[in-house]
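A short write-up of the structure that comes next.
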């Protein structure tokens with residue numbers, strides 16, 4: 001498969017690129033800064049420099065032509081304010097979905113966040129609240145699209161622990177942590193499982209092997 005990843009220099013995206021390259025897929029990662037290209041090349045991915053905050057739908061669609069799947073793994077990142085949470089975590093996600101539809105790429109996987117469907121509790125840090133609202137709005141936009149075979153993945157608290165290869169994946173899992181390695185492994189498995197289209201799934205660490213967890217979700 002050819003897979004295009006938005007936010008190609010992110011911590012989960014780089015892990016996913018390595019996994020996809022190792023199994024023989026063709027991978028391209030969209031990055032904002034040219035100096036990030038070397039890290040993508042080292043991961044086995046083709047770097048594509050394109051700023052999703054300023055690009056047009058047509059610009060992005062050209063990078064998606066011929067792809068079998070698209071993954072939105074971009075985010076404004078730590079240290080960014082509420083405005084960029086909206087312009088990246090919502091705006092860029094919507095743009096990327098528009099571009100996928102324009103390019104005829106149906107399979108579309110989104111890395112979201114647990115808690116994005118609910119109004120943040122009173123007392124939540126304002127920037128984090130903006131992030132959750134942006135993710136929730138982006139997810140709602142994607143779920144309304146008949147032109148995409150979408151899956152939305154909502155991991156719990158992310159860690160840099162080595163991947164265990166075992167997870168809990170379900171419509172609702174409860175709170176918990178999950179390693180970025182295991183998130184990447186689940187994304188790779190989701191790309192292979194069209195039966196997960198139309199599902200919004202939560203992910204935390206667990207005791208079910210990744211491939212089995214994805215198959216179990218697809219069969220229910």
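The values are calculated or read from the model by the stated rules, or taken from the named source; none is laboratory data. Remember, it's a predicted structure, so these values are computed and weren't measured experimentally. All Cβ positions, even for glycine, are placed from backbone atoms using ideal geometry, and neighbour counts span all protein chains on display.
Residue-wise test of (1) touching a helix residue (DSSP H, G or I) at 6+ places or on another chain (Cβ under 7 Å); (2) farther than 25 Å from residue 28 by Cβ; (3) at pLDDT 95 or above.
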| site | (1), (2), (3) |
| --- | --- |
| 39 | yes, no, yes |
| 57 | yes, no, yes |
| 65 | yes, no, yes |
| 77 | no, no, no |
| 106 | no, no, yes |
| 126 | yes, yes, no |
| 138 | yes, no, yes |
| 147 | yes, no, no |
| 152 | yes, no, yes |
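Taking the listed residues 137, 146, the one that is more than 27 Å from residue 43 (Cβ to Cβ), over 16 Å from the mean Cα position of the chain (by Cα) and surrounded by fewer than 18 Cβ atoms within 10 Å (Cβ to Cβ) is 146, with no other qualifying. Assess whether residue 78 counts as being buried (at least 16 other Cβ atoms within 10 Å of the Cβ) and without any contact (Cβ under 8 Å) to a residue 24 or more places away in the chain. For residue 78, the condition - buried (at least 16 other Cβ atoms within 10 Å of the Cβ) and without any contact (Cβ under 8 Å) to a residue 24 or more places away in the chain - is not met.
The single residue among 23, 2 that is touching a strand residue (DSSP E or B) at 6+ places or on another chain (Cβ under 6 Å), modelled with pLDDT of 95 or more, surrounded by fewer than 19 Cβ atoms within 10 Å (Cβ to Cβ) and closer than 28 Å to residue 193 by Cβ turns out to be 2. Considering the stretch 4-55, the residues that are touching a residue at least 60 places away in the same chain (Cβ under 8 Å), assigned to a loop (DSSP other than H, G, I, E, B) and closer than 19 Å to residue 111 by Cα include one that is nearest to the chain's Cα centre (by Cα), namely 7. Take the conditions touching a residue at least 12 places away in the same chain (Cβ under 8 Å), farther than 30 Å from residue 194 by Cβ, buried (at least 18 other Cβ atoms within 10 Å of the Cβ) and touching a helix residue (DSSP H, G or I) at 6+ places or on another chain (Cβ under 9 Å) and apply them to residue 86. Does it pass? Spelling it out, residue 86 is indeed touching a residue at least 12 places away in the same chain (Cβ under 8 Å), farther than 30 Å from residue 194 by Cβ, buried (at least 18 other Cβ atoms within 10 Å of the Cβ) and touching a helix residue (DSSP H, G or I) at 6+ places or on another chain (Cβ under 9 Å).
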